[in-house]
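Presented below is the structure to which this report refers.
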Amino acid sequence: MSEGAEGRRIVNFIVTPCAGVDPEGLYKKITEEIKSQPEYGLKWDEKCKVDGGKIYASFTISGDADFDEEVMEVIEMMEDEVEKQEVTFQSVME
């Protein structure tokens with residue numbers, strides 16, 4: 001698996017589930033369903049933090065990947081379960 005010219009990118013994000021949606025269950029679904037392209041080597045945190053009903057988590061992906069397209073837009077499309085999602089930090093690790 002290639003790390004690409006830019007190394008790995010770490011992304012911290014928050015997901016606000018829709019009312020009545022279990023945050024832990026939603027995180028499990030997100031990590032099981034969103035796989036990205038194999039060459040980007042998407043890796044999810046094993047666990048998330050749930051605080052105030054919001055999911056706080058992170059993932060790493062190849063620096064060459066468009067993480068918005070590969071991950072965040074897919075989460076946004078889970079509109080029946082996701083009220084809001086936002087990136088709080090991202091950086092390329094060399």
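None of the figures in this text is laboratory data; all of them are computed from the coordinates on show. Worth saying up front: this structure is predicted, and the values here are computed from it rather than measured. Here the Cβ positions follow ideal geometry from the backbone for every residue, glycine too, while neighbour counts run over all protein chains shown.
Observations on the model:
- Over the chain, DSSP H runs of length four or greater, each weighted -39,500 (n - 2.57), average out per residue to a 222 nm ellipticity of -4000 deg cm²/dmol.
- Measuring nothing but how far apart in sequence close Cα pairs (under 8 Å, 6+ apart) lie, relative to its length, the chain scores a relative contact order of 49 percent.
- Modelled spin-label separation between ILE14 and GLU81, with each label point placed 7 Å from Cα along the Cα-to-Cβ direction: 2.1 nm.
- 5 Å binning of all Cα-Cα separations within segment 4-53, expressed as whole percents from 0 upward: 4, 16, 27, 22, 14, 10, 5, 2, 0
- Calculated Rg and Dmax of segment 36-94 using C-alpha coordinates, Å: 12.2, 37
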